[in-house]
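Take a look at the structure set out below.
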Amino acid sequence: MADPASVGSGSLSASGTRSGSGKTTTSPAENYYLARRRTLQVVVSSLLTECGFESAEKAAVESLTEMIQSYISEVGRSAKSYCEHTARSTPTLSDVVVTLIEMGFNVDTLPTYAKRSQRMVITAPPVTNSPVVPKALAAGQKRVHPPYIPSHLPDFPDPHTYIKTPTFREPVSDYQVLREKAASQRRDVERALTRFMAKTGETQSLFKDDITAFPLIAARPSSIPYLNALLPSELELQTLEETDSSEQDDQTDNENAPSNTVTDEAGADKENSVLPPGGVVPAVKPSEETVIDNPYLRPVKKPKVRRKK
Amino acid sequence: MNRKKDKGFESPRPYKLTHQVVCINNINFQRKSVIGYVELTIFPTVVNLNRIKLSSKQCRIYRVRVNDLEAPFIYNDPTLEVCHHESKQRNLNYFSSAYTAAVGAVDPDAGNGELCIKVPSELWKQGDEMKVLKVYIEFSLDQPKGGLHFVVPDIEGNMAERGAHVFSFGYQNSTRFWFPCVDSYSELCTWKLEFTVDASMVAVSCGDLVETVYTHDMRKKTFHYVLPIPTAAPNISLAVGPFEILVDPYMHEVTHFCLPQLLPLLKHTMSYLHEIFEFYEEILTCRYPYSCFKTVFVDEAYVQVSSYASMSIFSTNLLHSAMIIDQTPVTRRCLAQALSQQFFGCFISRMSWSDEWVLKGISGYIYGLYLKKTFGVNEYRHWIKEELDKIVEYELKTGGVLLHPAFCGGKEKDNPTPHLHFSIKHPHTLSWEYYKMFQCKAHLVMRLIENRISMEFMLQVFNKLLSLASTASSQKYQSHMWSQMLLSTSGFLKSISNVSGKDIGPLIKQWVDQSGVVKFFGSFAFNRKRNVLELEIRQDYTSSGTQKYVGPIKVTVQELDGSFNHTLQIEENSLKHDIPCHSKSRRNKKKKIPLMNGEEVDMDLSAMERQGNRSRRKTSTGVFELGADSPLLWIRIDPDMSILRKVEFEQADFMWQYQLRYERDVVAQEEAISALEKFPTPASRLALTDILEQEQCFYKVRMQACFCLAKIANSMMSTWTGPPAMKSLFTRMFCCKSCPNIVKTNNFINFQSYFLQKTMPVAMALLRDMQNLCPKEVLNFILDLIKYNDNRKNKFSDNYYRAELIDALTNSLTPAINISNEVRTVDNLNSDVRLILEEITRFLNMEKLLPSYRNTITVSCLRAIRMLQKNGHIPSDPSLFKSYAQYGHFVDVRVAALEAVVDYTRVDRSSEELQWLLDMVQNDPSHYVRHKILSMLGKNPPFTKASESSLCNEALVDQLWKLMNSGTSHDWRLRCDAVNFYYTLFGLTRPSCLPLPELGLVLNLKEKKAVLNPTIKPEAGGIGGVGALDLCANGGIHTPISGFPSSLEEEHLPMEPPPNGVAPAPHGLKRKAETPLGSPPEPVQFTAQEEEDIDMDTVHDSQAFIYHHLNMLERPSTPGKEPPLVEQTLLSMPATPLPAFIKEPSASKHGEHHHRHHHHDHKKKKKKHKHKHKHKHKHESKDKDKDKDRERERDRDRDAHAFTSSPASGRSLRSPSLSD
């Protein structure tokens, strides 16, 4: 009874070895799968024998093997899904049971079937080395579960995946380096900006042979040239505000100082006595304006009717 | 002249003006036109006043009424075209005399004017009773080229949004350009001014704003001004624009105006004006004479500052924010100048042109007092020295500035300034440079007077003048009261002698009535035996611009025992002066040495000792011994600058070093620095370095020391030890302690060190090594300064600093080593230059994104690029500069770019660029830029009279001639610039590039002509000859027969001495009197000279004139403008170097042009004929003459054609040698 099976298995194994010897390139993983398949064939053969078949065509055995493999695979897949659904990583018995039920299998019949008398025992499949899964790079010591975590729960992943390594460097306090950095940074920004502007707009060149070298943004006349030239740029205004807010005390000084090198103390005092200190001019003005009688501030008169020509 | 007449002012006019109304009803910015009327109230001062002469230029006059009666008038302006445009004369002597005569013919100071109005005969009777006459004149201006300037930016929006504005401008009395008036500083009257402008605009003018009234449609408003203080017309001005208004927070009667968006700047800029007011009112002990004051800041200003009665017009570029350091003192000075002119110049006016110096002198002098008070004594003395150096240099170069020209009876021969190529008889013939120097000298002379009579008396005099004037101003018009407001030289001197009791006659005679400065040479020796300093002072009074000085001179001798002043008498023959020394030689005793100011200092006298020993070894004679026994530290001649002089003094190097170190007067220090340039020794180096480090020292002295140090270092190159000059000093002062190669972040709170920080790199870049290159170390140092420049923490802008760093880069450039004459490419760029160029490129590009104040960085970059080109590092090419010179860039940028183009024109001798520049002179909207181009061309000319150049050709001569003859008649300053430029290029005599007429060509042609065409009368043949000559002179120039022989005569003697050059003048004058001055196409002109014969026809005729004028509305408003225009277009063709090519086309065009004129003539003739019966008798002879002229002209044209069409003539034209 066991012969065909053993024959089959032997032939299969022979074919397997043949193929293995024939194709030296066969990978260990492939061998592994072929071995499993062979085992299934043995199983199918024994079941057939159990059912009373004397012999079977090879193609039929193959088909049945295919079916059983599919069935088992499906059970496995489903069971895994159930298990993962419940947030576990390893399927338990109940998962398999549910799967089987789901697949329309009467589970209750299983124990009796298992205990049937005429069942054949087949030898364990030859041990084939399971494929070596290339191991993920293990870095560092994996952490063991703390006591409150059940041991069945998966291990911690490699430490490098979750541990943050605080990198700490001395803040650059070296003045020279700082200045150097600020300078080069500003220069780079300026250069990039001007290059960009030069690339995107019209340019003028100093060289006739190579107009890309030292591109100059083309000079464009403006209709009111004095505005740009006289009004401080926004950047400068910003700086001014910053320095002003930080140096509030210098404010009054600032008002009088620009005269020149010789600061005129008397003049400064006079100015301050006339006005409260600080940039007061705009602040005081509205209230003063009510008093000011300047002909240019007077309302424009309506034409008199009798003046009509 | 005036001084002799003590009895006040005598008006040159037969009437007295008392009141004038100016009403401008409409200002059209789109068309740039103005319409209005004036009404002058005059009192005749003679019986039978039948003619009134007024000044008016450019204005189109529609009608004139006298007391509501239509009055005929005549308009004639000889200055439009100075020399008859047919004249072939091309020498400047001829032009200058003709120009002077033309200006004189319409000079309001002499009672003349362009507009001559005949008083209707109905009013003559009234004249007997001296009744008031009201002269009412309607006028308009269309696209004025002078007098009023329209600025209309070309952007979207209405005129107010666009910031369009208009303002009056002019050089001296130029008010006649925008309304008819008596354009003299000596004719005062009260004013009523009305301006109707768009409701969004403000009209600012002189006097008090009485009211502002809307027009009936509410779209416009009328500003009514009243000026009750008698004021001369030249002091009237107007500015209209969408101005922002700022009432001065300290003085509510003062109002400031600026263009939209600039209000914050205005607030800051004006925050100290009240201090200037207070200062002047205090020193003059006199209130500001007007009841209000207005300042207006406008774009494209003619000059930075111009003062008018109760208002001043400034350039908007004077405005600045609180972040700007460098502009602040400049602007304050401008404000102070404007205000000082309010008192002297506007309120007190001058009696005649020769009294101008008094007003300029006083206003300049009190401005100086303001400088002294605000900026300190150092700054003041520095300024005085600067001004003195300037005037001395100018006078020595050009030969003298005369403050008070006395014109004895107007005799032409007594030209007080024969060395000048222009006349100083009228302000409008002066070169601008000369006028600036004139002002400079005037205030220096005032200072001399102050030295003589003391400041207290000086101020008393001013106060007296002002109080007299203000008393007079409050009077209603009475015969002579208002003339108290006019200041004359004699009046001023009388006041001085009354107040001070001193006679300043010699001083005035020396400096005011005489031109020239004094040139001293000084040297000395110490006689040990006699313990006497033997000082020798020589004078050079023979070279041009010098004069002899006789009188006292102060000499200060610093001895070991102290400083001693000695007053020596400079006399005719005494050169040597013995000055006894006070101290015996006893330097071994350690004792402090007292200085002039009482300070006592320790001095290291070892230098003196060393020097003494050395010199003792050298000179064994014993007399000329400046040895260890000499107690002299240094000697100064005329330390107070109380003579207008140049002193070249010789003393030993150690004495200069002591003077630099220990003398406290900045002038002495500066003199010492410039003297030390000649002594490149380690001791000089040490003295300069010490001064540089000394913080108590005046910063301008330290700045000067930087440059001197650079020069010394270059001279000492081989023996120089240690780091490059100033580097370690700069590092110590401005770099970080920890890392000496990095400059500190900017903090400009200390202005002295700011200025020093700016200057030192510029001076350092002048250093050179043995290969005559800028040392690598210095260049890298400057590049690092740029790299590490950090302004984030600074409350001042660093734009000037960065600009100076670029200037430093420019200074570091040296000529490229050019192996073969290959084209400059990127690849063979020197690595250092590549670095420099990269910085410049980056700066220039950044400026587009973040423009700096006044675009200082662009200006510096342009200069740097030109320098790179000039030194052969990059290809020389003007196109970049041309694009920056376009209208629409900031004016400083434009001027810098133009300067580069001017320089390119000279270096590359490019006629194309010269043409481009001259086109800009003719067409640019900004008057300042036009003026600037010509003055830059004059300073850096493409060629001079002394040098040969391919640029010098007839086309250029003609173009420039036309430019000064008629092209610049709207702007006195520009015309004088053109004259200057012409003088620089060609000199006083006929330009050498013009062909000589006696080549035989004319005669040959004439003969040939006679042969070819025997029907032509000999007379016509003669003209034909001239016509042919014209052809070869290449332009539409025609010589009247009368002018022909004279030009021939002159050409025979091209090397005539100057007196002969003056000779043609009377001739030109005579001709002017004989023939109508105006050009043929405008028959409406008559000469004003023929006063007696001119018959002013009836009203009818004048109306015809008006209609005629109205018909010509489309044409330029002033007569005589068309021919130049046509000719300009002819000439604007690029001048090709091959004269033969240009001749034919221009000749044929020339013919066409004449035909066009003929049409004109015919038309006008017809028109004329209509009225002919009315003035037949008077004009018959003239018409006949004219007809004859026309006939001749026609003949000539025909001849011209005959010539061009005849192959023979064509050949002979091309190559004179072919004609036999």
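The values are calculated or read from the model by the stated rules, or taken from the named source; none is laboratory data. Keep in mind it's a predicted model, so treat the numbers as computed, not measured. Note that we place each Cβ from the backbone using ideal geometry, even for glycine, and neighbour counts take in every protein chain shown.
Considering segment B:134-152 alone, what residues qualify as being within 13 Å of chain A (Cβ to nearest Cβ) and either more than 18 Å from A:Leu227 (Cβ to Cβ) or surrounded by fewer than 20 Cβ atoms within 10 Å (Cβ to Cβ) (or both)?
Of everything in segment B:134-152, just one residue is within 13 Å of chain A (Cβ to nearest Cβ) and either more than 18 Å from A:Leu227 (Cβ to Cβ) or surrounded by fewer than 20 Cβ atoms within 10 Å (Cβ to Cβ) (or both), namely B:Val152.
Please determine, by comparing only the residues of segment B:227-252 that are assigned to a loop (DSSP other than H, G, I, E, B) and under 30 Å from B:Phe177 (Cα atoms), which one is farthest from the other protein chains (Cβ to nearest Cβ).
This residue is B:Ile236.
When you look at B:Leu813, is it within 13 Å of chain A (Cβ to nearest Cβ) and not small (Gly, Ala, Ser), yes or no?
no
Here are B:Asp832, B:Asp798: which of them is within 35 Å of the chain's Cα centre (by Cα) and either buried (at least 18 other Cβ atoms within 10 Å of the Cβ) or closer than 28 Å to B:Gln327 by Cα (or both)?
From the options B:Asp832, B:Asp798, the qualifying one is B:Asp798.
Working carefully through the options B:Leu560, B:Leu568, B:Leu575, B:Leu507, find the one that is within 29 Å of B:Glu450 (Cβ to Cβ) and either over 36 Å from the mean Cα position of the chain (by Cα) or free of Cβ contacts under 8 Å to residues at least 40 places away in the same chain (or both).
Of the residues listed, the single one that is within 29 Å of B:Glu450 (Cβ to Cβ) and either over 36 Å from the mean Cα position of the chain (by Cα) or free of Cβ contacts under 8 Å to residues at least 40 places away in the same chain (or both) is B:Leu568.
Of the residues that make up segment B:954-975, is at least one touching a Gly at 6+ places or on another chain (Cβ under 6 Å) and farther than 20 Å from B:Leu994 by Cα?
Yes.
For segment B:922-935, what are the residues that are more than 14 Å from B:Leu963 (Cβ to Cβ), over 12 Å from the mean Cα position of the chain (by Cα) and part of a helix (DSSP H, G or I)?
Selection gives B:His927, B:Val929.
Only one residue in B:Tyr272, B:Tyr250, B:Tyr280 is in contact (Cβ under 8 Å) with a residue 60 or more places away in the chain and closer than 21 Å to B:Ala322 by Cα. Which one?
Every option except B:Tyr272 fails the conditions.
Filter segment A:194-209 down to the residues that are at the interface with chain B (Cβ under 7 Å from one of its Cβ atoms) and surrounded by fewer than 16 Cβ atoms within 10 Å (Cβ to Cβ) and list them by number.
If the condition is that a residue be at the interface with chain B (Cβ under 7 Å from one of its Cβ atoms) and surrounded by fewer than 16 Cβ atoms within 10 Å (Cβ to Cβ), then A:Lys208, A:Asp209 are the ones that fit.
Taking only pairs six or more apart or across chains, which ones have beta-carbon atoms under 8 Å, a first residue in segment B:714-738 that is modelled with pLDDT under 90 and surrounded by 14 or more Cβ atoms within 10 Å (Cβ to Cβ), and a second residue that is of a type in the set (Val, Ile, Thr) and not in a helix (DSSP H, G or I)?
Taking only residues 6 or more apart or on different chains, the pairs are B:Cys736/B:Ile742; B:Cys736/B:Val743.
Conditions first: (1) within 30 Å of B:Cys735 (Cα to Cα); (2) within 7 Å of chain B (Cβ to nearest Cβ); (3) at pLDDT 80 or above. A:Leu235 passes all but one, so which condition is the exception?
(3)
Is it the case, given these coordinates, that B:Val213 is more than 9 Å from chain A (Cβ to nearest Cβ) and either over 31 Å from the mean Cα position of the chain (by Cα) or of a type in the set (Ser, Thr, Tyr) (or both)?
So B:Val213 does not fit the description; no.
Would you tally the residues in segment B:772-804 being assigned to a loop (DSSP other than H, G, I, E, B) and either within 14 Å of chain A (Cβ to nearest Cβ) or of a type outside the set (A, V, I, L, M, F, W, C) (or both)?
Looking only at that region, the number is 12.
If you go through segment B:695-709 one residue at a time, how many are within 14 Å of chain A (Cβ to nearest Cβ), of a type in the set (A, V, I, L, M) and within 20 Å of B:Ala765 (Cβ to Cβ)?
Going through segment B:695-709 one residue at a time, the tally reaches 1.
Across segment B:1-44, what is the number of residues that are in a loop (DSSP other than H, G, I, E, B) and at pLDDT 85 or above?
7
Identify, please: which residue in segment B:834-854 is outside any loop (DSSP other than H, G, I, E, B) and without any contact (Cβ under 8 Å) to a residue 12 or more places away in the chain and is, among those, farthest from the other protein chains (Cβ to nearest Cβ)?
Filtering segment B:834-854 for residues that are outside any loop (DSSP other than H, G, I, E, B) and without any contact (Cβ under 8 Å) to a residue 12 or more places away in the chain, the one farthest from the other protein chains (Cβ to nearest Cβ) comes out as B:Arg834.
Among what's in segment A:210-219 and is modelled with pLDDT under 85 and among the aliphatic types (A, V, I, L, M), pick the residue that is surrounded by the most Cβ atoms within 10 Å (Cβ to Cβ).
Among those residues, the one meeting the criterion is A:Ala213.
Answer with yes or no whether B:Gly170 is within 14 Å of chain A (Cβ to nearest Cβ) and at pLDDT below 95.
Spelling it out, it is not the case that B:Gly170 is within 14 Å of chain A (Cβ to nearest Cβ) and at pLDDT below 95.
Being in contact with a strand residue (DSSP E or B) (Cβ under 6 Å, 6 or more places away or on another chain) and at pLDDT below 90 is the filter here; which residues of segment B:821-847 pass it?
Once the filter is applied, which keeps residues that are in contact with a strand residue (DSSP E or B) (Cβ under 6 Å, 6 or more places away or on another chain) and at pLDDT below 90, segment B:821-847 yields nothing.
Regarding A:Glu255, is this residue at pLDDT 75 or above and facing chain B (nearest Cβ under 9 Å)?
Judged against the criteria, A:Glu255 is not a match.
Does B:Leu785 meet the test of being in contact (Cβ under 8 Å) with a residue 40 or more places away in the chain, crowded, with 23+ Cβ neighbours inside 10 Å, among the hydrophobic types (A, V, I, L, M, F, W, C) and in contact with a Pro (Cβ under 7 Å, 6 or more places away or on another chain)?
yes
Which of the residues belonging to segment B:850-895 are touching a strand residue (DSSP E or B) at 6+ places or on another chain (Cβ under 8 Å) and among the aliphatic types (A, V, I, L, M)?
Of everything in segment B:850-895, just one residue is touching a strand residue (DSSP E or B) at 6+ places or on another chain (Cβ under 8 Å) and among the aliphatic types (A, V, I, L, M), namely B:Leu880.
Please find, within segment B:512-544, the residue that is farthest from B:Leu396 (Cα to Cα) out of those that are of a type in the set (Val, Ile, Thr) and part of a loop (DSSP other than H, G, I, E, B).
B:Val512
Just one of the numbered conditions (1) of a type in the set (D, E, K, R); (2) away from chain A (no Cβ under 11 Å); (3) in a loop (DSSP other than H, G, I, E, B) is not true of B:Asp807; which one?
It fails just one condition, (3).
Take A:Lys164 and tell me if it is at the interface with chain B (Cβ under 9 Å from one of its Cβ atoms) and modelled with pLDDT under 85.
For A:Lys164, the condition - at the interface with chain B (Cβ under 9 Å from one of its Cβ atoms) and modelled with pLDDT under 85 - is not met.
Say we look at segment B:870-892 and pick out the residues that are more than 8 Å from chain A (Cβ to nearest Cβ) and closer than 19 Å to B:Ile857 by Cβ; which of these is surrounded by the fewest Cβ atoms within 10 Å (Cβ to Cβ)?
B:Phe881
From the set of residues in segment B:258-301 that are within 10 Å of another protein chain (Cβ to nearest Cβ) and of a type in the set (D, E, K, R), which is surrounded by the most Cβ atoms within 10 Å (Cβ to Cβ)?
My answer is B:Lys294.
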